[in-house]
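The values are calculated or read from the model by the stated rules, or taken from the named source; none is laboratory data. Keep in mind that this is a model prediction, so the values were computed, not measured. Glycine gets a Cβ as well: all are built from the backbone with ideal geometry, and neighbour counts include every protein chain shown.
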Amino acid sequence: METNNTSQHISHKFDEEMESLRHQVLKMGGLVEQQIVGAVGALQKMDVAAAEEIILKDHKVNALEVRIDEHCTRILAKRQPAASDLRMVVAVIKTITDLERIGDEAEKIAKMAIHLSEKDGRFSSRYAGIKHLGEHVRIMVHEVLDAYARLDVDAAVKVVRDDEEADKEYQDLIRMLMTYMMEDPRQISELLDVIWAARALERIGDHAKNIGEYVIYLVKGKDIRHIDIEQVEEEILS
């Protein structure tokens with residue numbers, strides 16, 4: 001009887017640790033989402049103070065990654081999880097790496113805002129595609145975190161699919177900016193900063209897609225990283 005009670009206590013403690021891990025990931029994700037919104041807003045308004053705040057906050061994202069990674073290491077060493085529990089820990093380790101990189105991309109956008117402001121640049125209406133792409137990838141990050149929280153495979157697959165649209169938006173935006181460069185070479189320096197910001201947003205979409213793939217791996221135990229989205233939908237959602 002005492003052995004059963006001990007086993008139940010260990011099991012309950014492990015469940016608490018896993019739930020704590022999940023909450024920490026969602027906290028990190030929420031902070032990263034705020035970084036995206038703030039960085040794109042700073043770029044649109046050429047707001048140096050807001051951009052500097054984004055850069056300063058990046059250390060919070062980095063600190064959370066280190067804390068969660070250490071938590072995962074302790075769980076692996078002490079609990080030696082198997083099956084779905086092991087997949088959860090592996091998915092968390094991979095997820096926080098992508099979240100940290102999203103934070104880095106938001107920081108890059110903030111730096112572009114400062115750089116443009118220092119050159120007396122302005123965010124003209126012809127850069128509206130940046131705002132739209134920024135909102136698109138922010139929604140992707142929000143939805144993939146929601147998919148992670150609910151272990152929702154359908155939502156995760158949708159985010160993987162949505163990355164194709166983000167890539168198309170990025171490519172269209174780059175073509176447009178290149179056209180502006182050819183029309184007015186004096187704007188090349190300014191436009192290059194906008195291009196780098198667009199590239200950072202496209203990379204955020206890629207990282208959101210990666211997290212969607214980890215959710216699918218976590219729930220289904222299937223690695224879909226090198227599988228066409230059509231095949232994924234057929235195999236996972238059918």
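Would you check which residues across the stretch 65-91 are among the aliphatic types (A, V, I, L, M), modelled with pLDDT of 95 or more and within 27 Å of K220 (Cβ to Cβ) and list them?
Within the stretch 65-91, I68 is the sole residue that qualifies.
Taking A198, is it crowded, with 17+ Cβ neighbours inside 10 Å, out of contact with any Lys or Arg (no Cβ under 9 Å at 6 or more places or on another chain) and modelled with pLDDT of 95 or more?
On the way: crowded, with 17+ Cβ neighbours inside 10 Å: yes; out of contact with any Lys or Arg (no Cβ under 9 Å at 6 or more places or on another chain): yes; modelled with pLDDT of 95 or more: yes.
So A198 passes the test.
For Q44, indicate whether it is in a helix (DSSP H, G or I), within 30 Å of S117 (Cα to Cα) and either among the basic types (K, R) or at pLDDT 95 or above (or both).
No; evaluated as a whole, the condition is false for this residue.
What about A128, is it within 27 Å of K57 (Cβ to Cβ), surrounded by 14 or more Cβ atoms within 10 Å (Cβ to Cβ) and of a type in the set (A, V, I, L, M, F, W, C)?
No: the conditions fail for A128.
Of the numbered conditions (1) over 27 Å from I55 (Cβ atoms); (2) in contact (Cβ under 8 Å) with a residue 40 or more places away in the chain; (3) under 18 Å from the mean Cα position of the chain (by Cα), H142 satisfies every one except a single condition; which is it?
(1)
Tell me which residues, restricted to the stretch 68-111, are under 30 Å from A49 (Cα atoms) and of a type in the set (K, R).
R101, K108, K111
Mind checking which pairs have a first residue in the stretch 158-187 that is over 11 Å from G129 (Cα atoms) and a second that is of a type in the set (D, E), Cβ under 6 Å, 6 or more apart or different chains?
Every condition considered, the pairs that remain are V159/E143.
Mind checking which pairs have a first residue in the stretch 80-104 that is more than 14 Å from G29 (Cβ to Cβ) and a second that is of a type in the set (D, E), Cβ under 9 Å, 6 or more apart or different chains?
From residues that are more than 14 Å from G29 (Cβ to Cβ), the pairs are I93/D69; D104/D58.
Considering only residues that are among the polar types (S, T, N, Q) and farther than 23 Å from G212 by Cβ, look in the stretch 63-98 and name the one that is surrounded by the fewest Cβ atoms within 10 Å (Cβ to Cβ). Please lay out each step first, then the result.
First, the residues of the stretch 63-98 that are among the polar types (S, T, N, Q): 73, 80, 84, 95, 97.
From what is left, the residues that are farther than 23 Å from G212 by Cβ are 73, 80.
Numbers: T73: 12, Q80: 9.
Across the stretch 63-98, the extreme among qualifying residues is Q80.
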